[in-house]
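The values are calculated or read from the model by the stated rules, or taken from the named source; none is laboratory data. Quantities reported herein were computed from a predicted structural model and do not represent experimental measurements. Positions of Cβ are generated from backbone atoms using ideal geometry, with glycine treated the same way; all protein chains shown enter the neighbour counts. Ligands, DNA and RNA are excluded from the accessible area calculation, which covers all protein heavy atoms including side chains. Shrake-Rupley method; radii C 1.70, N 1.55, O 1.52, S 1.80 Å.
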Amino acid sequence: MAKTKTSVFFCQNCGYESAKWMGQCPGCREWNTFVEEPVDRKVRSSSGKLRPASEVKPVPLSAIQASREDRISTGFPELDRVLGSGIVKGSLVLVGGDPGIGKSTLLLQMCRNLAAGQHSLLYVSGEESLQQIRLRAERIGSFSDKLQLLCETNLDTIREVITRLQPELVIIDSIQTMYNESAGSAPGSVSQVRESTGVLMRIAKELGISIFIVGHVTKEGVVAGPRVLEHMVDTVLYFEGDRYESYRILRGVKNRFGSTNEIGVFEMRSQGLVEVENPSEYMLSGKPEDASGSVVACSMEGTRPIMLEIQALVCHSFFNNPRRTATGTDFNRVNLLMAVLEKRLGIQLSDCDAYVNIAGGIRISEPAIDLGIVLALLSSRLDLVIDEKLICFGEVGLSGEVRGVAMAEQRVQEAAKLGFETCILPRVSMKGLAARKDIRLLGVSNVREALDVIQHQKHL
Ligand code: TYD
Ligand code: MG
């Protein structure tokens, strides 16, 4: 008979699996991260028991009864949006984020809302004592008796409690502290995290209970043993934000029941997290007036347009290699756009230091902010003040052309709503846009035309 219990080496940083020990992980290039862990190679069915092959039969798709997705609202429209309009029954959701970012606070507040709506809940904490949770809860508000707490790290015990109580929703805080005896390795190790998630997945699917799992991220910004977890769960949410800023962004990375790329914006206050209903206003607060090197751009986050201020500081460099930094956007993209400006507009930038920053600490990777970066750089380099009622969006190509972007209508609509008076956008995106009285639309087809607009904006 084949050996079923073997041991394998796992990289504790990224989950890379190897039959022998290695000094450096080929997956993530970290040193000294391999730890030997026993693994159980037996194939298990979804109920955890071995099934003889004769019992395994495929089912025709048409014979499957699809029940309508039951969704529970979390009482936080921002969280509902990221989940795809509420929690799906029997789903497994992973909430990742840096320690101290507010994952436990968010989930406890969600529990408070749900408990008030007479949903039965179980909050399992492996990190904090009951008293600590109580102290946190006191800052947040009053709770109904529908929320039960449990301090436990043994998954077999947790499974029994869940089976007995049959709550509608379970929170596991955090997966790294959970311990499953059959895995045999230490809590927090890759195989332990994977086994534990597997157990929770089976509980969720068998009993139709939605489970939220909290996962800490490593210094590279991924949940420990990340890839293995991401494909097992239904939904992956990341809670991110700057430690020094009070707002937090919840981002959907994977969602089997809705679209990804949706974000929810929260602000951490002394009484817990508060939703930010109008993130654009929030991002633009504190924008300097009459300062060069600052422009407002529009980016789509899922289905929602967000206005943000892009700042650039370009100054003469005293280094052989000019210093360049990009905060909140891609560094290479900034270098590329500077090269485009140098080549297409003949503006000397190669001997300039450049610092680009997206104010407010949000991270944006959408190419539609290219035009904003370009205008901010030009504004700083040429010392041109850009009108504060002007907004722009568009992707910039290597020949300096301004390319069309999706959802131009929504962006213009949002800009007009927030009181912007001029919008610079790709000329190709002008087609299909209705003429508007409340906002002036200026289509540009390349960076030179965009520069003309900001140079002559006073005469518009
Ligand atoms: P927490 O939810 O414990 O973070 P995580 O579970 O992600 O590790 O959040 C802890 C931080 O939030 C802590 O630094 C204090 C802050 N906080 C507030 O500012 N106000 C509050 O009402 C609460 C409960 C926490
Ligand atoms: Mg916590």
Exercise for the section: Could you work out how far apart the two model spin labels at Ala63 and Ser182 are, taking each label as a point 7 Å from the Cα in the direction of the beta carbon, and quote it in nm? Expected result: 2.8
Completion exercise
Expressed in square angstrom to the nearest 10, the accessible area of Ile64 with a 1.4 Å probe stands at 100
Exercise for the section: First compute the accessible area of the range 64-143 with a 1.4 Å probe, then give the percent of it belonging to carbon and sulfur atoms. Expected result: 48
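Only bridges whose two residues both fall in the range 383-460 count here: according to DSSP, what percent of them are antiparallel, nearest 5?
Beta bridges within the range 383-460, antiparallel portion: roughly 25 percent.
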Handout entry: Gap separating the Cα centres of the range 408-425 and the range 288-309, nearest whole Å
Key = 11
Fill in the blank from the handout: At R0 = 30 Å the Cβ-Cβ FRET efficiency linking Ser246 and Asn113, nearest 0.05, sits at 0.90
Problem - Per-q log10 I(q)/I(0), the range 330-460, q = 0.23 Å⁻¹ (Debye; single scatterer per alpha-carbon; no solvent) - result: -1.60
Completion exercise
In whole µm²/s, the translational diffusion coefficient that Stokes-Einstein assigns to the range 368-445, given a Kirkwood hydrodynamic radius over C-alpha pairs, 4 °C and 1.567 mPa s, equals 102
Exercise for the section: Determine the gain in length on full extension of the stretch Gln348-Arg136; use 0.36 nm per residue of separation and subtract their C-alpha separation, reporting nm with one decimal. Expected result: 70.8 nm
Exercise for the section: Using the 4.7 Å Cβ rule, please list in number order the cysteines from the chain without any candidate partner. Expected result: Cys111, Cys151, Cys298, Cys315, Cys352, Cys392, Cys423
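Please go through the range 253-346 and write out the GluC sites (Glu not before Pro) that DSSP classes as loop and that have at most 11 other C-beta atoms within 10 Å.
Sites meeting the loop and neighbour criteria: Glu277, Glu289.
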Problem - Accessible area per residue, Å², the chain with all protein chains present, probe 1.4 Å - result: 48
Practice task
Heavy atoms only, probe 1.4 Å: what % of the accessible area of the range 331-416 goes to carbon and sulfur, would you let me know?
Solution key: 47
Handout entry: Selected from Val56, Thr74, Ile87, residue furthest toward positive end of dipole (the range 48-109; charges at beta carbon)
Key = Val56
Problem - Lys, Arg +1 and Asp, Glu -1 on Cβ, resulting dipole of the range 316-445 about Cα centre, debye, nearest 20 - result: 260
Exercise for the section: Normalise the Debye intensity by I(0) for the chain, one equal point scatterer per Cα, no solvent, then take log10 at q = 0.07, 0.11 Å⁻¹ and round to two decimals. Expected result: -0.46, -0.97
Exercise for the section: Take the Cβ-Cβ distance between Thr325 and Glu277 as r, set R0 to 41 Å, and report the resulting FRET efficiency rounded to the nearest 0.05. Expected result: 0.80
Exercise for the section: Any chance you could run the full-extension gain for Ser259 through Lys437? It's 0.36 nm times the residue separation minus the Cα-Cα distance, nm to one decimal. Expected result: 60.8 nm
Problem - Most to least packed among 323-332, 188-197 [average Cβ atoms within 10 Å] - result: 188-197, 323-332
Practice task
Work out, step by step, the length gained on full extension between Glu36 and Thr157: first 0.36 nm times the residue separation, then minus their alpha carbon distance; give nm to one decimal.
Solution key: 40.9 nm
Handout entry: Net charge dipole size for the chain [Lys, Arg +1 and Asp, Glu -1 on Cβ; Debye, nearest 20]
Key = 1220
